[in-house]
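Engineer: Sharing a structure here in structure tokens format.
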Amino acid sequence: MLSAEAIEKIEYELTKYPKDQRQAAVMSALRIVQTERGWLSQESISDVAAYLGIPDIAALEVATFYNMYDTEPVGKYKITVCTNISCMLRDSDSIVHHLQEKLGIGFNQVSEDGQFCLKEGECMGACGGAPLMSVNNATMYEYLTPEKVDKILKELK
Amino acid sequence: MSTLKSETKDSKPVMTDLKGQTLITLQTLKEDNPASLATYEKLGGYEQLKRLVTNKVKAVEVINQVKLSGLRGRGGAGFPTGLKWSFMPRYYDGTKYLVCNTDEGEPGTFKDRDIIRYNPHQLIEGMAIAAYTLGAGVGYNYIHGEIWREYEIFEAALAEARAAGYIGQNLFGTHFNFELYAVHGYGAYICGEETALIESIEGKKGQPRFKPPFPASYGVFGKPTNVNNTESFASIPWILQHGGQAFADLGVAGSGGSKLFSVSGHVEKPGNYEVNMGMPFTELLAMAGGIWKGRQLKAVIPGGPSTAVMPASAILDATMDYNGLSKAGSSLGAGSLIVMDETTCMVKTLKRLSYFFYEESCGQCTPCREGTGWVYRVIKRITEGNGKMEDLDLLTDVSNNISGRTICALGDAAATPVLSFIKHFRPEFEYYIQHGKSMVDGQ
Amino acid sequence: MLKIEIDGKPVEVDHGTTIIDAADKLGVAIPRFCYHKKLSVAANCRMCLVEVEKFGKPLPACATPVAEGMKIFTRSKAAVQAQQSVMEFLLINHPLDCPICDQGGECDLQDVAVGYGASGSRYTEEKRVVFNKNIGPLISTDMTRCIQCTRCVRFLKEVGGMQELGMVGRGEHAEITAYVDQSVNSELSGNIIDLCPVGALTNKPFRYSARSWELVRRPSIAPHDSMGSHIEVHVKDDKVMRVLPREKESINECWLSDRDRYSYEGLNSPDRLKVPMIKHHGEWQETDWKTALEYAAGQIKDITTEHGSDALGALVSPNSTMEEGYLIKELVHGLGCGNVDYRLRQTDFRLDGKRVGTPWMGCNIDEIEKLDRILLIGSNIRNEHPLLAQRFRKAVDNGAELSIISPLDNNPLMDIAHKIIVTPNDIVNVLAQILKAMSKLQKLSLCLPPQLSELLEQIHVRPNTEAMAESLVGLGETVNLIAPKVGIFLGNMALSAPRFTEMYSLAEAIGGVSGAKGGILPAAANSTGMHLLGVMPASTGMHARAMLEVPRKAYLLLNIEPELDCQHAALARSAMEKADCVVALTAYKSKALDHATVLLPIAPFTETSGTFMSMEGRIQSFKAVVKPLGECRPAWKVLRVLANTLGLQGFDFESSEEVKLKIFDGEKPSDFARSRLNNNMKELVEIETKIKSPGLQRVGEVPQYEADPIVRRSEPLRKTKYNIKRLVRLHPDEMRAYDLVEGDMVLVTQDKGSTVLPVRPDAHVAPGCVRVAAAHEDTLGLGDLMGDISIEKITQEQADVFKSKQMEAQN
């Protein structure tokens, strides 16, 4: 069952499309439910599909196609580090190593305390600020250095 | 105000010098509070929209100005915008759609993000003018999911514009209606391709459609749709204010106007530079502070990885415009310069790029789905010291078999770096294969 | 017309033709995997790339429309290079496990690889492995073999009406799957096996049982609904190994329902009766044909001699062939008896003698998709005629408005414009409302017979009925159709309803007012043929229901299990119990034939020749595809010898073809049908629109995989989700009214019979109805499929007592 808040947000998204095109809101609906619940379980995906009146499999296709959706648990903070070319040229590798050492996890792992998950990201379209990372798909941190990463981690905890 | 401040939370400001730039899409940067409606209005914002709508200016007149301006699609393909607009059916029984492509995911490209960050209303006005011209009743701006803050900025700007009567129903007391909405991607490079983007707006996987039919006849929800890039739309109000010819005159033959260049990689001052088309590369590089750490230039990818890499020798004499870069052996693309210094290992760089295309292939067409993984694995094997000399011919051959064989241009894009890296830096690849380590960093 | 050239051969094609269609027309073979003429164009496999003059890169033939003067090269160096490169890509991650793959020998990938593949692979990296999915009892998956052509996904979405499979993930990791752990439930699911160009989706029951080249392929006709689908039966060592569709565009296109595809498993059931049997002092004894036939004939003779020829009743399966129907009718008549009938699931016979001809569907199957307006009355179409539902789906996709009047709100997997869900009795009133509203809309009220006009005066038209009527006359949301093509059809639930006569008469009248085509959608393979032959009571004879209500001394059963195949299970059972002699021509041993006296093993459709007449009046003959099992004999032969043994004249047929010749008596079969198929009525029957049952009304559908003796013995079909435990299903409002909650035990009573079943709320059942499916041993105590019914909440203890008593009674 979707929460009242989630339904309200999804209803807002539905106003953007013709009435007979409810599937169009699936991108937003999955994002809204993921933000609320932390990740997209089968149940969450079915909930979204049921609310929009589309087949479960159609929602699953979308949830697994776009890589900002998480169909596995990702802890409290999902840190996505871009390692694509512009970031790589500005040593995103050192940021990745630093994060891995600091958190004791590799990519796609969740720290034992359930706080952090590390993901390798593709280009986020902010290469001027390389190297960079995003937390929970919403906050972007640019011009990273190992020291700055430490500061950010401290703030998050 | 002479610096461009990044407003991103907890980031150091980018000290981009505005001197030498021709600010059009980022014209509000000259002001305080650049993103606000008041700032934009102060600069004459929304007046062109009002003029066209209230004076009932004919669509063909608008299209003629856009044609005259020489504006070419700023998303990378460079298709003349005015010509594209003329493809939209004039008479249609039902809703026509307008779509803005802000799904900026081509590595090294980050210009549209700044337009939304610093000048969202110019984009909105550009879209509203296009909607008026093309008779589109509904518009969507599809924004790259990763730049979430910009998505929120745009939603807020839309609310401002709606409240001010610039979008909505019966605008300026006429029968002109235009509803504009923000929608978002969520992590798929392919949605930068216009038909994949349309599928995504419809709530589906971003798998490109076979064309024909083109979006102008079968787009969003099967309705006639015009898709343009953010920068293209944001250029429109200026073009109508100053005339198409004035815009064309800023640039050179075949490349009208000024353009945003995203400069990233090994330069002192990465960032966006809005300069006149035809500017010599060396001048642009100097604006970006030159190569960092006092090193030498090795190579540049001038328009994002789907354009061919250029060795220093090729780009140093080139000018930044469509013909200039084409003559020099590559293309302008989205104007995303990825600058590499002498310490860059081209084998490892290609590995990362080929991983990107492997990761981002939508999986629809056989050559791209199967070929990108094949290419990546071979290059990876080379970087692991297990390369064979014949791998280079294999890579070239496989890439040629992907290129031109797929529904969308991702296949071509995936082949381009492989072909151009091996073409220009073959000895580096051979060295890696023979020695099991990089020629450059010795690892 | 456009003039183009393919490989130097000129051809003229229509505007909008794709290169692949033009090439197919010309007989130029272009390899393909994702393209299928019946599905949307995906253009994703890239196998059909061809060279086109003036184009810098190869183009997919499947998606490229031809243009005037286009020169296309399918075998040029550039084209072949492109095709070969695609083949190479397809094979790099393919397991190449042909020796252990069921698709081997009939695999598109294998075939095309022979033409376009290299002898060795340049790919030396690791291959992809994809985990298999369990998508149900009918389809096996080997997903590593999948080449992501998405034909299966598109079929289920576009033809099946429901997206049950999808391609999840992306890029190289993209894989075809159903939603987590769900099975594919489409009643047309087996078609994705045929569509799969590789061995990723294969036939589960058939798995590893034969190689394709060991199979002999023989044509036949599908026997489980009245469409007359063309099938190809695959045979090995005189055993039916599998069934596939045989392409017939105007009937089944290239598809087949799962029922027709998988029912063959019932042919190989251990229940098959292989030798004649006689019951001796309550014990079944095997015997030889001569003894059995003489015994049967002797019994029939003795009883008819003693009690009059009227003491015999013959019940005939509508799935039997025309030849069999003709012979049993002649045999019964030959004995001077008029009691013969095929309409086993009908209660209302008031139309007998009132029709001009034989009722049929009133149009051709392939006309359905061209209709603009459709009214389905009392039909759960996906359950009754799964493939026909697909034609209606196409019509709706083409813009037709579908209206449904039914006691069940089942999802037909297509958009419904209007629906009215009411009890079977109330359907009559709704139809009268529609007629009234339509006659007003069409300004035709004066044209109706006075009887009807008077009747309609008392009818109050409700808004939802008015809306339906408006749709049927062609009014639309945006466009009003001036001359809409309308189809009105009555389904199985209408056919077995006690007010069928009213429904039929009103539907006819509505059809008359609106110029609609349509008629009935008969349930079984040869229902239409049986009617045409007059396998029905002679003027003095009894119809199927009467033969059970007033039990006969002797019964002759052709191809039925009485309590499962008759409308009133309890009545059928007690009639058989009371009879002195029951001679059953049957392919199966059955509990339902426990009260028989003689069992004569007959050949099912695969082991005999014969003729079916389909719902659209198509007369289709077929031959045996295998030899009869054991001592089984074709029923036409058994009937012939039985008639001879009874001393009847005129039964000297040497083959089923001779019987057929006799039936049509020199007339061309199609002319014979043409002149006799007619839905019109000679006279109007009295119509009562205000039938109110005091209590509840049963909705007793026959589940599709219980429709006849063969299909109900198919194990794979029994394992599907359609084979559900019997429940009593009630509208939630009725649940409240009867103070019931889900899982409560309910005593269900019809006439004098009862059964006990758990109850479940079901908002898809009309209020006032009790949905209890039929043709199952749990419901044998019950009566009419659409009759009055009462329910009573009982405790679990009472339920247990009831059941143990029932057990005792059976033993």
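Engineer: Kindly indicate whether any position in the range B:256-268 is at pLDDT below 95, out of contact with any Gly (no Cβ under 6 Å at 6 or more places or on another chain), over 16 Å from B:SER336 (Cα atoms) and not in a strand (DSSP E or B).
Structural biologist: Looking through the range B:256-268, none of the residues is at pLDDT below 95, out of contact with any Gly (no Cβ under 6 Å at 6 or more places or on another chain), over 16 Å from B:SER336 (Cα atoms) and not in a strand (DSSP E or B).
Engineer: Count, please, the residues in the range B:348-396 that happen to be in contact with a Gly (Cβ under 6 Å, 6 or more places away or on another chain) and among the polar types (S, T, N, Q).
Structural biologist: 1
Engineer: Sticking with this structure for a sec: With the structure loaded, tell me whether B:PHE172 is within 13 Å of chain A (Cβ to nearest Cβ), modelled with pLDDT of 95 or more, in a helix (DSSP H, G or I) and over 21 Å from the mean Cα position of the chain (by Cα) or whether it fails that test.
Structural biologist: When the stated conditions are applied, B:PHE172 does not pass them.
Engineer: Considering the range B:394-409 alone, what residues qualify as being closer than 17 Å to C:GLY56 by Cα and either more than 8 Å from chain C (Cβ to nearest Cβ) or of a type outside the set (D, E, K, R) (or both)?
Structural biologist: B:SER399, B:ASN400, B:ASN401, B:ILE402, B:SER403, B:GLY404, B:THR406, B:ILE407, B:CYS408, B:ALA409
Engineer: Looking at B:PHE87, B:PHE154 in this structure, which one is over 23 Å from B:SER262 (Cα atoms) and more than 10 Å from chain A (Cβ to nearest Cβ)?
Structural biologist: Of the residues listed, the single one that is over 23 Å from B:SER262 (Cα atoms) and more than 10 Å from chain A (Cβ to nearest Cβ) is B:PHE87.
Engineer: Within the range B:281-311, restricting attention to residues that are assigned to a loop (DSSP other than H, G, I, E, B) and of a type in the set (A, V, I, L, M, F, W, C), which residue is surrounded by the most Cβ atoms within 10 Å (Cβ to Cβ)?
Structural biologist: Among those residues, the one meeting the criterion is B:VAL309.
Per-residue answers, yes or no, for (1) over 37 Å from the mean Cα position of the chain (by Cα); (2) acidic (Asp, Glu); (3) over 25 Å from B:ILE379 (Cα atoms):
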residue: C:ALA82; (1), (2), (3): yes, no, no
residue: C:CYS101; (1), (2), (3): no, no, yes
residue: C:GLU126; (1), (2), (3): yes, yes, no
residue: C:VAL168; (1), (2), (3): no, no, yes
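Engineer: Quick one: count up the residues across the range A:67-100 that are within 12 Å of chain B (Cβ to nearest Cβ), in contact with a helix residue (DSSP H, G or I) (Cβ under 7 Å, 6 or more places away or on another chain) and polar (S, T, N, Q).
Structural biologist: 3
Engineer: Is it the case that B:GLU199 is buried (at least 24 other Cβ atoms within 10 Å of the Cβ) and more than 7 Å from chain A (Cβ to nearest Cβ)?
Structural biologist: no
Engineer: Which of the helices (runs of 4 or more DSSP H) contained wholly in the range C:546-655 include at least 2 residues that are under 21 Å from the mean Cα position of the chain (by Cα) and over 22 Å from C:ASP302 (Cα atoms)?
Structural biologist: So the answer is C:562-565.
Engineer: Can you tell me how many residues within the range B:113-151 are facing chain A (nearest Cβ under 9 Å) and of a type in the set (A, V, I, L, M, F, W, C)?
Structural biologist: Number of matching residues: 3.
Engineer: Within the range C:155-194, count every residue that is facing another protein chain (nearest Cβ under 7 Å) and either free of Cβ contacts under 8 Å to residues at least 40 places away in the same chain or assigned to a helix (DSSP H, G or I) (or both).
Structural biologist: Qualifying residue count, the range C:155-194: 13.
Engineer: A follow-up question, please. Could you run through the range B:312-357 and say how many residues are in contact with a strand residue (DSSP E or B) (Cβ under 8 Å, 6 or more places away or on another chain), more than 14 Å from chain A (Cβ to nearest Cβ), of a type in the set (S, T, N, Q) and assigned to a loop (DSSP other than H, G, I, E, B)?
Structural biologist: The qualifying residues number 1.
Engineer: Name the residues in the range B:13-54 that are among the hydrophobic types (A, V, I, L, M, F, W, C) and either closer than 26 Å to B:GLU268 by Cβ or not in a loop (DSSP other than H, G, I, E, B) (or both), would you?
Structural biologist: Once the filter is applied, which keeps residues that are among the hydrophobic types (A, V, I, L, M, F, W, C) and either closer than 26 Å to B:GLU268 by Cβ or not in a loop (DSSP other than H, G, I, E, B) (or both), the range B:13-54 yields B:VAL14, B:MET15, B:LEU18, B:LEU23, B:ILE24, B:LEU26, B:LEU29, B:LEU37, B:ALA38, B:LEU49, B:LEU52, B:VAL53.
Engineer: If I go through the range C:659-705 residue by residue, how many of them are of a type outside the set (Ser, Thr, Tyr) and not in a helix (DSSP H, G or I)?
Structural biologist: Summing the residues that are of a type outside the set (Ser, Thr, Tyr) and not in a helix (DSSP H, G or I) in the range C:659-705 gives 29.
Engineer: Moving on. Could you list, in sequence order, the residues of the range A:35-55 that are closer than 21 Å to B:CYS362 by Cβ and either in a helix (DSSP H, G or I) or in the same structural domain as A:ASN108 (by TED's automatic domain parsing) (or both)?
Structural biologist: A:ILE45
Engineer: Sticking with this one: Farther than 22 Å from A:ARG90 by Cβ and buried (at least 19 other Cβ atoms within 10 Å of the Cβ): which single residue out of B:GLY265, B:GLY257 fits that description?
Structural biologist: Checking each option against the conditions leaves just B:GLY257.
Engineer: Looking at C:GLY199 and the list (1) within 12 Å of another protein chain (Cβ to nearest Cβ); (2) more than 19 Å from A:PHE65 (Cβ to Cβ), which single condition is not satisfied?
Structural biologist: (1)
Engineer: If the requirement is being closer than 20 Å to B:HIS144 by Cα, of a type in the set (Val, Ile, Thr), crowded, with 24+ Cβ neighbours inside 10 Å and within 10 Å of another protein chain (Cβ to nearest Cβ), which of these qualifies: A:VAL62, A:VAL33?
Structural biologist: From the options A:VAL62, A:VAL33, the qualifying one is A:VAL62.
Engineer: While we're on this one: Considering (1) on the phi > 0 side of the Ramachandran plot; (2) more than 9 Å from chain B (Cβ to nearest Cβ), say which one A:GLY125 fails and leave the rest.
Structural biologist: Among (1) on the phi > 0 side of the Ramachandran plot; (2) more than 9 Å from chain B (Cβ to nearest Cβ), the lone unmet condition for A:GLY125 is (2).
Engineer: What residue, among those in the range C:237-257 that are in contact with a His (Cβ under 8 Å, 6 or more places away or on another chain) and among the charged types (D, E, K, R), is surrounded by the most Cβ atoms within 10 Å (Cβ to Cβ)?
Structural biologist: Taking the candidates together, the pick is C:ARG242.
Engineer: Let me ask something else. What tally of residues in the range B:90-112 results from selecting those that are within 12 Å of another protein chain (Cβ to nearest Cβ) and either part of a helix (DSSP H, G or I) or of a type in the set (Val, Ile, Thr) (or both)?
Structural biologist: Going through the range B:90-112 one residue at a time, the tally reaches 5.
The rows are residues; the columns are (1) buried (at least 22 other Cβ atoms within 10 Å of the Cβ); (2) part of a loop (DSSP other than H, G, I, E, B); (3) within 14 Å of chain B (Cβ to nearest Cβ); (4) polar (S, T, N, Q).
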| site | (1), (2), (3), (4) |
| --- | --- |
| C:GLU12 | no, no, no, no |
| C:HIS15 | no, yes, yes, no |
| C:ILE30 | yes, yes, no, no |
| C:HIS36 | no, yes, no, no |
| C:VAL41 | no, yes, yes, no |
| C:MET47 | yes, yes, yes, no |
| C:ALA67 | no, yes, yes, no |
| C:ARG75 | no, yes, no, no |
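The values are calculated or read from the model by the stated rules, or taken from the named source; none is laboratory data. Fair warning: this is a prediction, and the values are worked out from it, not measured in the lab. Note that we place each Cβ from the backbone using ideal geometry, even for glycine, and neighbour counts take in every protein chain shown.
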